[in-house]
Amino acid sequence: MTVAADRVTTSLEAAPVPREPSPLAAWFSDGWITTRRNLIKIKRVPDVLVFTTLQPIMFVLLFSYVYSGSIQIPGSDYKEFIMAGIFAQTVVFGATWSGYATAQDIRDGIIDRFRTLPMRPSAVLVGRTNGDLLINSISMVVMILTGLVVGWRVRSSLLEGLAGVVLLLAFAYALSWVMVFIGLSVRSPEVINNVSFIVLFPLTFISNAFVPSENLPTPLRIFAEWNPVSALVLAARQLFGNVPPGMQVGDTWTMQNPVQAVLIGIAVLLAVFVPLSVWRFGRIGSRA
Amino acid sequence: MAFLEAEDLRVTYHPRKAPVVKALDGLSLDVPQGTVFGLLGPNGAGKSTTVKVLTTLIRADSGRARIDGIDVREDPEEIRRRIGVAGQYAAVDENLTALENLDMVGRLYHLSRTDSKRRAEELVALFDLGEAKSRPVKGFSGGMRRRIDLACALVISPAVLFLDEPTTGLDPRSRLGMWDVIESLASAGTTVLLTTQYLEEADRLADDIAVIDRGQVIARGTADELKARVGGRRIQLTLVSADDLPAAVAALQRVGTGAPDVSGDGRAASVTVAEGAPALAEVLAELARQGIELHDAGMQRPTLDDVFLRLTGHAAEDGEADETEGRKGS
């Protein structure tokens, strides 16, 4: 390959000069550009999307047809009971992707490229979490449709049902920021998978997601009643009108006020992990 | 005042369960505008750390650095608006096409939508990527990736272009291609700071070279000046028969300023001498007297390898602190 010197000269003279947009305009522009990058990736590498849609379909079918015959929920159908649990489990695990992809971007060096450009540092992370919100939203739609096919129904109102979906996605979005922070802090993307396995499996399974917490042995019951995933599941279950009549949900404040608890949880996670992640982003590479 | 200057930069890494690493230990540089400056050193010498400090990726513990009068630590964003960075890891998004990568970088420099698109098209044409411009980078060869990476650094006309080991890992043909591009950029008046562990690369591209080792500049000058510091010339002999090697080494020993080196196959030997021509004549006369047949005999100026060995006491390939200077410094 040869590049003629005069062509390079002409090209450099013709190079555009960067503008200096207002901070707010720059932030929105940077956020959109990095979001778009992640959307293109979803389109071009459909593995993630396939996994995040096929897995929930399998879970819905598995629990609806394999377990529903054996697990009796007094006063309710197991299919109706389980659906909020599957939704919550899926979006909680979906948030892991944010951490994995962030760690992968660091390894690939693309984060260093971003950090040498005059962009808002937080925009990279906003782009990441936005892209993952979209993936989680698609998973939700797929699960809702599959759920409706197997006989799940929202027993409250359409509005409350929507509120439940929004709450699940908002919680997942907040969790994405936690995962982004972890992704910025670990040495390799593989660590994220281990962390999520060790932390998220107990959180989702020692909860009221798949069985009523009242039947659990006492130590596990106490854990389940304080478990934030339980609050999320119960909040969604209430909003969907899927709580079996007479079910003992637990005496903790989080179980008595699950929607408020989840909203507070979302606010706290965002208030802590958005600034923490942005701070961490600025310090990548300053450790050995 | 130099266009790019760094004074007494110090960076210390504190790896877990390992001794503290002084990646930069009082490094100072000054690069005049419109020149190509080569930072030469082995793995772990502090080249990448220097580039990371100057490109705002990490902060130095102490010392200061300025580009065009702007302080790197105090106003990193103003620095980022003016620099272009291309690195050994070819930091482009694999899933985006060449055009999409360039457009993304353009938009993040806050070029307008149309400027960014037009510039992306110009650069793929300039870098001979026209046919591949709409394919994801994933399928590109190593040389093409480096070109797209370099193109990303030229979306604007950078005040300083940083090239961190631009040809590491490239095949010889791609390396020559990359050298051509960098030479074109240099002749177009771009200020370039180049790091390399290839002595030949610094020799060919850089106007001025700083040899760094263990986080410090240990020598500074043009390639010729550095070679002159080693002094003298090198005499090389290639024998027809390896049996004659002891006699040849003995002849070289008599004229050399140090011990002769013997090459791998046992038929070539060389030595550094103070005065080239008389020494070569003497060696040739001695070998002719003994009836020793030669394939080749010659005299050459010392290479930068010799310079490095002389200055540091160890060879340039010596990567003892390798692990301290990875991608994230991990």
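The values are calculated or read from the model by the stated rules, or taken from the named source; none is laboratory data. Being a predicted model, the structure only gives us computed values, none of them experimental. Virtual Cβ from ideal backbone geometry, glycine too; neighbours counted across all protein chains shown.
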- Message: Looking at region A:205-223, can you tell me whether even one residue there is at pLDDT 95 or above and either touching a Phe, Trp or Tyr at 6+ places or on another chain (Cβ under 6 Å) or surrounded by 16 or more Cβ atoms within 10 Å (Cβ to Cβ) (or both)?
- Response: no
- Message: Looking at A:Leu162, A:Leu133 in this structure, which one is part of a helix (DSSP H, G or I), modelled with pLDDT of 90 or more and in contact with a helix residue (DSSP H, G or I) (Cβ under 7 Å, 6 or more places away or on another chain)?
- Response: A:Leu133
- For B:Leu57: the one exception among (1) at the interface with chain A (Cβ under 7 Å from one of its Cβ atoms); (2) assigned to a loop (DSSP other than H, G, I, E, B); (3) under 21 Å from B:Ala159 (Cα atoms); (4) in contact (Cβ under 8 Å) with a residue 40 or more places away in the chain: (4)
- region A:199-223 - residue that is of a type in the set (S, T, N, Q) and assigned to a helix (DSSP H, G or I) and, of those, nearest to A:Phe93 (Cα to Cα): A:Thr204
- Item | Residues that are among the hydrophobic types (A, V, I, L, M, F, W, C), within 18 Å of B:Gln88 (Cα to Cα) and at the interface with chain A (Cβ under 9 Å from one of its Cβ atoms), drawn from region B:120-152 | B:Phe127, B:Cys152
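Would you say A:Gly250 is assigned to a loop (DSSP other than H, G, I, E, B), away from chain B (no Cβ under 14 Å), small (Gly, Ala, Ser) and in contact (Cβ under 8 Å) with a residue 12 or more places away in the chain?
For A:Gly250, the condition - assigned to a loop (DSSP other than H, G, I, E, B), away from chain B (no Cβ under 14 Å), small (Gly, Ala, Ser) and in contact (Cβ under 8 Å) with a residue 12 or more places away in the chain - is met.
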- Note on the structure: In region A:13-24, residues that are more than 9 Å from every other protein chain (Cβ to nearest Cβ) and either surrounded by 15 or more Cβ atoms within 10 Å (Cβ to Cβ) or among the aliphatic types (A, V, I, L, M) (or both) total 1
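Kindly indicate whether any position in region A:82-99 is of a type in the set (A, V, I, L, M), more than 7 Å from chain B (Cβ to nearest Cβ) and surrounded by fewer than 22 Cβ atoms within 10 Å (Cβ to Cβ).
No, region A:82-99 contains no residue that is of a type in the set (A, V, I, L, M), more than 7 Å from chain B (Cβ to nearest Cβ) and surrounded by fewer than 22 Cβ atoms within 10 Å (Cβ to Cβ).
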- Message: Would you confirm whether or not region B:214-230 contains a residue that is within 14 Å of chain A (Cβ to nearest Cβ) and not hydrophobic (A, V, I, L, M, F, W, C)?
- Response: yes
- Task: Could you run through region B:93-107 and say how many residues are at the interface with chain A (Cβ under 7 Å from one of its Cβ atoms), surrounded by 20 or more Cβ atoms within 10 Å (Cβ to Cβ) and either farther than 20 Å from B:Glu78 by Cβ or in contact with a Phe, Trp or Tyr (Cβ under 7 Å, 6 or more places away or on another chain) (or both)?
- Result: 4
- Note on the structure: Counting only residues in region A:164-202 that are surrounded by fewer than 18 Cβ atoms within 10 Å (Cβ to Cβ) and closer than 30 Å to A:Pro74 by Cβ, the one farthest from the chain's Cα centre (by Cα) is identified as A:Pro202
- Item | Counted residues, region B:27-54 - those being in a strand (DSSP E or B) and in contact with a Ser or Thr (Cβ under 9 Å, 6 or more places away or on another chain) | 8
- Query: Quick one: would you say A:Ala103 is assigned to a helix (DSSP H, G or I), under 23 Å from A:Trp32 (Cα atoms), modelled with pLDDT under 90 and not β-branched (Val, Ile, Thr)?
  - Reply: no
- Message: Can you go through B:Leu9, B:Leu24, B:Leu39 and tell me which one is more than 13 Å from chain A (Cβ to nearest Cβ), in contact with a Leu (Cβ under 6 Å, 6 or more places away or on another chain) and surrounded by 24 or more Cβ atoms within 10 Å (Cβ to Cβ)?
- Response: B:Leu9
- Kindly provide the set of residues from region A:32-81 that are of a type in the set (D, E, K, R) and within 13 Å of chain B (Cβ to nearest Cβ), ordered by number. A:Arg36, A:Arg37, A:Lys41, A:Lys43, A:Arg44, A:Asp47
- Task: Take the residues in region B:139-192 that are assigned to a strand (DSSP E or B) and either without any contact (Cβ under 8 Å) to a residue 40 or more places away in the chain or not polar (S, T, N, Q) (or both), then tell me which one is nearest to B:Arg66 (Cα to Cα).
- Result: B:Val160
- Message: From the list B:Gly87, B:Gly106, B:Gly34, B:Gly63, exactly one residue is under 20 Å from the mean Cα position of the chain (by Cα) and over 22 Å from A:Ile106 (Cβ atoms). Which is it?
- Response: B:Gly34
- Message: Residue under question is A:Pro56, and the condition is that it be crowded, with 19+ Cβ neighbours inside 10 Å and of a type outside the set (Ser, Thr, Tyr); does it hold?
- Response: yes
- Task: Give me a count of the residues in region B:47-73 that are farther than 12 Å from B:Glu5 by Cβ and either charged (D, E, K, R) or surrounded by fewer than 16 Cβ atoms within 10 Å (Cβ to Cβ) (or both).
- Result: 6
- Task: Check B:Ala285, B:Ala269 and return the single one that is among the small types (Gly, Ala, Ser), at pLDDT 85 or above and not in a helix (DSSP H, G or I).
- Result: B:Ala269
- Here the residues within region B:108-138 that are surrounded by fewer than 21 Cβ atoms within 10 Å (Cβ to Cβ), of a type in the set (Ser, Thr, Tyr) and not in a helix (DSSP H, G or I) are B:Ser112, B:Ser134
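Looking at A:Val243, A:Val274, which is the one that is among the hydrophobic types (A, V, I, L, M, F, W, C), out of contact with any Leu (no Cβ under 7 Å at 6 or more places or on another chain), surrounded by 17 or more Cβ atoms within 10 Å (Cβ to Cβ) and part of a helix (DSSP H, G or I)?
Answer to the check: A:Val274.
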